[in-house]
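The structure under discussion appears below in the form of structure tokens.
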Amino acid sequence: MIRYFLARGDRAGSATVTEGLPYITCANPPPAVQIATLYMKTYCRACKRAGIIAPAGPRRPGTAPNGKPWALGGDINICGCNPPPVFHAPVRGM
């Protein structure tokens, strides 16, 4: 199963990733986006609450320079919604 990296601006229903690593970007395809890690900030317009990216599903070992695991498509948004929204990452060439 291929899981792509989440980035600032990616969505899970009404939830949006609002934080990313400023020094880790991907520009394939353009425009350049900041790659996200688990527990970074999100905002959900449905419940009007701030949230975080939480892990869901299998992942390979490894962490970003900030010491946190990478956020991947299939991870969930923890906000006030039940069930939690699921992030879908676009295909990115890293």
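The values are calculated or read from the model by the stated rules, or taken from the named source; none is laboratory data. Since this is a predicted model, take the numbers as computed values, not measurements. So basically every Cβ, Gly included, is an ideal-geometry build from the backbone, and we count neighbours across all protein chains shown. SASA here: full protein model, heavy atoms, side chains in, ligands and nucleic acids out. Shrake-Rupley method; radii C 1.70, N 1.55, O 1.52, S 1.80 Å.
Just a few scattered comments:
- Residues of the stretch 64-94 classified as in contact with a Ser or Thr (Cβ under 9 Å, 6 or more places away or on another chain), open to solvent by 80 Å² or more (accessible area, probe 1.4 Å) and of a type in the set (S, T, N, Q), total: 0
- Complete set of residues in the stretch 46-61 that are in contact with a strand residue (DSSP E or B) (Cβ under 7 Å, 6 or more places away or on another chain) and open to solvent by less than 40 Å² (accessible area, probe 1.4 Å): Gly51, Ile53, Ala54, Ala56
- Candidates are the residues of the stretch 1-10 that are more than 8 Å from the chain's Cα centre (by Cα) and in contact (Cβ under 8 Å) with a residue 60 or more places away in the chain; the one that is least open to solvent (accessible area, probe 1.4 Å) is Arg3.
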